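The values are calculated or read from the model by the stated rules, or taken from the named source; none is laboratory data. The shown structure was predicted, so the numbers you read here are calculated from the model rather than taken from an experiment. Ideal geometry is used to build each Cβ from the backbone, glycine not excepted, and the neighbour counts take in all protein chains shown.
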Amino acid sequence: MQIYGFCPVGYEGILVAIEIEVRKGIPGIDLVGLPDSSVREARERVRAAIRNSGFSIPRGRILINLRPAGIRKVGASYDMALAVAILCISNQITLDSHKKYLILGELSLSGEVCEVKGLPGALDMAAKHKIDACIGPADQLGGYAPDAGLRVHGLRRLTDLLEPLPSLKSAEGEAGLSSDALGIVEEIGSFSNLSRFSRYAGTVALAGRHHVNLLGPPGSGKTSLLEYLQSFSLPLRPDYEGEVQRISGLVGDFEGVEKHRKARVRTPHHTTSFEGMFGGGRILRPGEVSLAHCGMLILDELSAFQAKILSGLRLPMEQSWISVGRADMSTSFPCDFMLVAAMNLCPCGGLGSDGYCLCDPRQLSRYWTKIGAALMDRFDIRIFTNQDTQDVDLPGWVDHADELSMVLVEAENRQFDRRNATGSRYNGRISGLILRDMYPDLWSNKSSYSARDRAALIRIAVTLADLDGRDSPNDGDLSMAGCLRFPALGPFDIFGMIGK
Ligand SMILES: [Zn+2]
């Protein structure tokens, strides 16, 4: 029999073999193999839990090695594995001697088995390494679908080990999306203060998961539009669910599978640190960009974020993975998020409204230089919330919650079917090179624009065609894409000022 624990470090995590030996000597437990203080404390918890559950600690000196010994072990998830190893070597319980066990769980002093971080990743790792069975906290394990070939046993107390281990059945996931999965939480009527065009632009962004920047003076409806976008509870495809569960499991989100059927919405404050946004730290924790994987990352007051966060956003906005490293280790987290940002047009907020702007040109230039053309470019859709859009024609636009849900699901399904050809899950992530090959006519049509503008226009046009139920975009879609990408900001040429 071999017992393994799990070290939730990075996206993959590491399986840790638990080796145990009892020698003659002063009674005590020695823990080696680079345990950090949270793992060393496990000795006291395990000792108390074993005694309080009616078992005994073997006499003699117990040596426990955590292998591979060169990697620092963190977290409280080893408690159960250590306790089981001690109980097995002293013949107080018996496990099948030919099998490999992954054992997870923190122990309370009274012997209750508590939740651990990184459980979905641990189950994946166990299946990959041909582990026979996983023993862990019953409540937490019940929420996840175990991989085929791995037996999963859920326990509530350490004393449950005396009984035959109860097996948990794997949960069957649904195969696709249905229109009722994508509900609109609030009725559209409650957003009637927003212009039709703003709602339309927001919905297009949502349908293709395009990065979108909401620009406008205070009170022009940016917050309402953010709420409108959040009111769509985007579902999570079962195909992508495993990754999202794995990431949220690493930060101790124990809600289980039910909560994750919906795409995640993250709304970090502008004081968030660089590591908090992109991931990292001692245990290589995922950042906000990864926690919003397959969902929405909302950055209100974009200009207030640190400059290095603003420039750091550029790469993950285009790539689906972000590499995070520390001195001795690196890992990659998925980060296929849709960025929704909102900002004023100037530091005082007056620009773009009927009132006065109190900023001098230097302040204005500093404000927009911080955002920069490179970041602004990566927002496919830019919405000016104070724009007069009465005369913009919106062909085929539905403004009814039920119908809207249907077209959004249809658009999502089309993107899913096309994902092998486009190399992306969502239209908002299709690269310019692929668009050039897929739509050569549209590409050459827009030769006066920069490559990034062309790519963005075609990406939006593809989403517009999806919303209309057509296979390929046409010139009409392209001109509407132009309205969505280049809003009329009135007399102030913001895009000109930052070189866009
Ligand atoms: Zn101003």
Please work out which one of (1) part of a loop (DSSP other than H, G, I, E, B); (2) in contact (Cβ under 8 Å) with a residue 40 or more places away in the chain is the condition residue 6 fails and give its number.
(1)
Checked pairs for the range 351-363, first in a loop (DSSP other than H, G, I, E, B), second among the aromatic types (Phe, Trp, Tyr) and within 9 Å of the ligand (Cβ to nearest atom), C-beta under 9 Å and 6 or more apart or across chains, list as 359/367
Given the residues 265, 244, which is the only one that is out of contact with any strand residue (DSSP E or B) (no Cβ under 8 Å at 6 or more places or on another chain) and of a type in the set (A, V, I, L, M, F, W, C)?
244
For residues that are touching a Gly at 6+ places or on another chain (Cβ under 7 Å) and over 18 Å from residue 480 (Cβ atoms), scanning just the range 164-208, find the one that is modelled with the lowest pLDDT.
168
May I ask you to verify whether residue 71 is over 30 Å from residue 332 (Cβ atoms), outside the structural domain of residue 328 (by TED's automatic domain parsing) and not polar (S, T, N, Q)?
no
So, in the range 22-63, exactly how many residues are part of a helix (DSSP H, G or I) and surrounded by 15 or more Cβ atoms within 10 Å (Cβ to Cβ)?
10
Hey, can you tell me all the residues within the range 343-385 that are surrounded by fewer than 22 Cβ atoms within 10 Å (Cβ to Cβ), more than 12 Å from the ligand (Cβ to nearest atom) and under 21 Å from residue 199 (Cβ atoms)?
343
Subset of the range 423-450 (residues that are surrounded by 14 or more Cβ atoms within 10 Å (Cβ to Cβ) and part of a helix (DSSP H, G or I))
427, 428, 429, 432, 434, 435, 436, 438, 442, 443, 445
Taking the stated definitions as given, is residue 110 in contact with a Pro (Cβ under 8 Å, 6 or more places away or on another chain) and polar (S, T, N, Q)?
no
Positions within the range 272-286 being closer than 14 Å to residue 248 by Cα and assigned to a loop (DSSP other than H, G, I, E, B), in sequence order
284
Could you list, in sequence order, all residues of the range 312-341 that are touching a residue at least 60 places away in the same chain (Cβ under 8 Å) and more than 21 Å from residue 452 (Cα to Cα)?
324, 329, 330, 331, 332, 333, 334
Look through 97, 77 and report the one residue that is of a type in the set (Ser, Thr, Tyr), over 33 Å from the mean Cα position of the chain (by Cα) and assigned to a loop (DSSP other than H, G, I, E, B).
97
List the pairs whose first member sits in the range 475-489 and is in the same structural domain as residue 387 (by TED's automatic domain parsing), whose second member is among the charged types (D, E, K, R), and whose Cβ atoms are under 6 Å apart, counting only residues at least 6 apart or on separate chains?
487/382
